[in-house]
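Undergrad: Here you go, one structure.
A short reminder: the numbers here are calculations on the coordinates, not readings from a lab. In this text, all values refer to a predicted model and were calculated from it rather than measured experimentally. No Cβ is skipped: glycine too gets one built from the backbone with ideal geometry, and neighbour counts run over all protein chains shown.
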Protein chains: 2
Amino acid sequence: MEKCITTLLREQGFKVTPQRLAIYQALAATKSHPSAEMIFHELQPVYPTMSLATVYKTIEILKEMNLVQVLNAGEDSFRYDANTESHPHIRCLSCGRVDDLEGVDESVFIDQVAGKTPYRLTGQQFYFYGVCPACQQKT
Amino acid sequence: MEKCITTLLREQGFKVTPQRLAIYQALAATKSHPSAEMIFHELQPVYPTMSLATVYKTIEILKEMNLVQVLNAGEDSFRYDANTESHPHIRCLSCGRVDDLEGVDESVFIDQVAGKTPYRLTGQQFYFYGVCPACQQKT
DNA sequence: TAGAAACAAACAATTGTTTTCCTTTACATC
DNA sequence: GATGTAAAGGAAAACAATTGTTTGTTTCTA
């Protein structure tokens, strides 16, 4: 995996730097869909000189290379996902966590839409909102 | 319709002002899902003293009263819709317009998700992306 | 290992949105 | 209809997320 991203960066003419590897690996290693801020704080202890701007710029590159997708789950900041496959997400309105929705087949729904709209479809994002199991217990 | 929103405002203890009526009606009269900025510019000629802050404050109230819903179609600003029913939207990646998706039945998909997730579902947003008919012709 | 190209970090600028604070307005009561 | 008061409007400043710009540093080729 590390070899992969290293190679990919080189192929696209980007330099391979520890910061870029760290940011990508932080994203690839979690399912928590962190924001730029969250990545920054996670890496801060290991890379004390890392700046938020570097996180944003690296994500920009990863986005360009199709190694991350951007989520916009109705919050005031973006979240990022190293799983670039289109898949639905769900956000807990109580604690704010964002999870993948597993085992859901969206293709039928997408096909239906593709057949009905005059647009030429290129992608989609599905966001569900609710209360996660942990927060349900709290109440 | 106008009587309706006037009454609703009063019932909730809000004052009825020309600005509030104008903002709600601008939203109710269009299917273009305008942003705060767009509403502001539309009303500017009629209410020269109207400020962007008033637009935001009024939208906040309308949101609270469930008279508008907020869209977050992956742009850098929010859009608003006086149709508060949950329904899928599609955005043109070329010109930026946001349309409703008509005649699409999302209930089967939602039911599927409700059955699979441990979350207690409260809502959802579906965003599709593509190229609108007008922009397809341009290319 | 030298040197050019690309980079990271600090800092500043932008942009959408919210807050502040003072003036004006809506509206219940007289 | 006049009036008092709480709420609303407006301008500007504040804010927060993100994006440029600059400058010294690092990577990697030759």
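Undergrad: On average, how much area does the Cα convex hull of the range A:12-129 cover when viewed from any direction, in nm²?
TA: 9.1 nm²
Undergrad: So, one more: Provide the descending list of Cα extents for the protein assembly as shown along its principal axes, expressed in whole angstroms.
TA: Largest to smallest, the principal-axis extents are 66, 54, 42 Å.
Undergrad: Taking the range A:68-139 as the region of interest, what is the percent of Cα-Cα pairs per 10 angstrom bin, listed from the shortest bin to the one with the maximum distance?
TA: 17, 42, 32, 8, 1
Undergrad: Using alpha carbon centroids, what distance separates the range A:60-139 and the range B:75-90, in Å?
TA: Centre-to-centre (Cα) distance: 16 Å.
Undergrad: If you don't mind, another one. At 222 nm, what value in deg cm²/dmol follows for the protein assembly as shown if DSSP H runs of at least 4 each add -39500 (n - 2.57) and the sum is divided by all its residues, to the nearest 500?
TA: -12000 deg cm²/dmol
Undergrad: Name the nearest-to-axis residue of chain A, judged by Cβ distance to the rotation axis taking chain A onto chain B, and quote that distance in whole Å.
TA: With distances in whole Å, chain A gives A:109, 2.
Undergrad: In addition: Per residue of B:127-139, what is the mean number of Cβ atoms on other protein chains within 10 angstrom of that residue's Cβ?
TA: 4
Undergrad: A follow-up question, please. Every other copy gets compared here: list the nm distances from the residue A:111 label point (7 Å along Cα to Cβ) to its counterparts, shortest first, one decimal.
TA: Spacings between copies for this position, smallest first, are 1.8 nm.
Undergrad: Sticking with this one: What ranking do A:47, B:127 get, fewest neighbouring Cβ atoms within 10 angstrom at the top?
TA: The most exposed by this proxy come first: A:47, B:127.
Undergrad: Across the residues of A:102-114, average count of Cβ atoms on other protein chains within 10 Å?
TA: Mean partner-chain Cβ count within 10 Å for A:102-114: 4.
Undergrad: Moving on. Put a label point 7 Å from Cα along the Cβ direction on residue B:15, then list its distances to the equivalent points in the other copies in nm, shortest first.
TA: For residue B:15, the inter-copy label distances come out at 6.0 nm.
Undergrad: Counting pairs on different chains as well as pairs 8 or more places apart, how many Lys pairs in chain A have Cα atoms under 29 Å apart?
TA: 10
Undergrad: Sort A:129, A:56 so the one with the fewest other Cβ atoms within 10 Å of its own Cβ comes first.
TA: A:56, A:129
Undergrad: What ranking of B:61, B:90 emerges when the number of other C-beta atoms within 10 Å of each C-beta is taken as an exposure proxy, fewest first?
TA: In increasing order of surrounding Cβ atoms, one gets B:61, B:90.
Undergrad: Relative contact order (percent) for the range B:1-82, with alpha-carbon contacts under 8 angstrom and 6 or more residues of separation?
TA: 29 percent
Undergrad: Could you check the simple spin-label distance between residue B:105 and residue A:84, using points 7 Å along Cα→Cβ, in nm with one decimal?
TA: Distance between the two pseudo-spin positions: 3.6 nm.
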